[in-house]
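Heads up: the structure comes next, in structure tokens.
Every read-out reported here was derived from the displayed coordinates using simple, explicitly stated rules and does not represent laboratory data. As the structure is a prediction and not an experimental result, all values here were calculated from the model. Heads up, the Cβs are rebuilt from the backbone with ideal geometry, glycines too, and the neighbour counts pull from every protein chain shown.
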Amino acid sequence: MRIVELLAAGGIVMYPLLGFSVLAIALIVERIAFWLQINRRQRPVAREVLKLYQHDPNAAVLKLKQNLDLPITRIFLEALTLDQLSPNAFKLALESATQSEIPVLKRFNTVFDIVITASPLLGLLGTVLGLIRSFASINLGNLATQNADSVTSGISEALVSTAAGITVAVLTLIFARTFRGFYQRQLTLIREYGTQLELLYLRQYESKSEGVYQPYARS
């Protein structure tokens, strides 16, 4: 069945369902491209930054600036570019930067939820409208001459709209759950590497504190 015929068979609710499907596909493509890049690059870059930071913090900062399209690099850079932080303040800076990146990782989740919730309801509305149309076309006083085409058309509208609504919702739900899984995994990774960076920062902070000149105290 062609798209035009499908829209005609499903009734008026097929148009918002078509809009939802186009919107969902566009956002799914964007999220797939986003998560492919994050999953492919973020872990290796984070490991390299931590390795560089042990010996040359400036080189680590330069590496971060070269990969600003990754959430974890923006988090690390925001904390490392603040001057003379105590270890506790550095930890708070990392946590604050992480919170600011969460909306980027969870982007479009609300839109996916709307599509998942509204699509079956629109399909149900199409079912009701199709059944109303079928019953309205039945002439109880003269069943022999009832308009069979109108009855069939109404039943078709009811079935097609329901199937379309469920299809849009299920496909969107599959990808939305997958993206939420990616989000949870990346959040765990950010916290793991953030803790490692805190330990390295604490080590360097203690080394600098021990190397600070302290005047000789007279007895």
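Distance between the modelled labels on Tyr15 and Arg41, one decimal in nanometres: 4.2 nm (7 Å Cα→Cβ projection). What the phi angles of the range 162-171 give under the Karplus curve with 6.51, -1.76 and 1.60, with θ = phi - 60°, is a coupling list of 5, 4, 5, x, 5, 4, 4, 5, 5, 4 Hz, glycine and proline written as x. Using θ = phi - 60° in the Karplus curve 6.51 cos²θ - 1.76 cosθ + 1.60, the 3J(HN,Hα) couplings for the range 94-108 round to 5, 5, 5, 5, 5, 4, 6, 8, 4, x, 5, 6, 9, 4, 6 Hz; x is entered for Gly and Pro.
In this simple spin-label approximation, Leu50 and Arg107 carry label points 7 Å from Cα along the Cα→Cβ vector, and these lie 2.6 nm apart.
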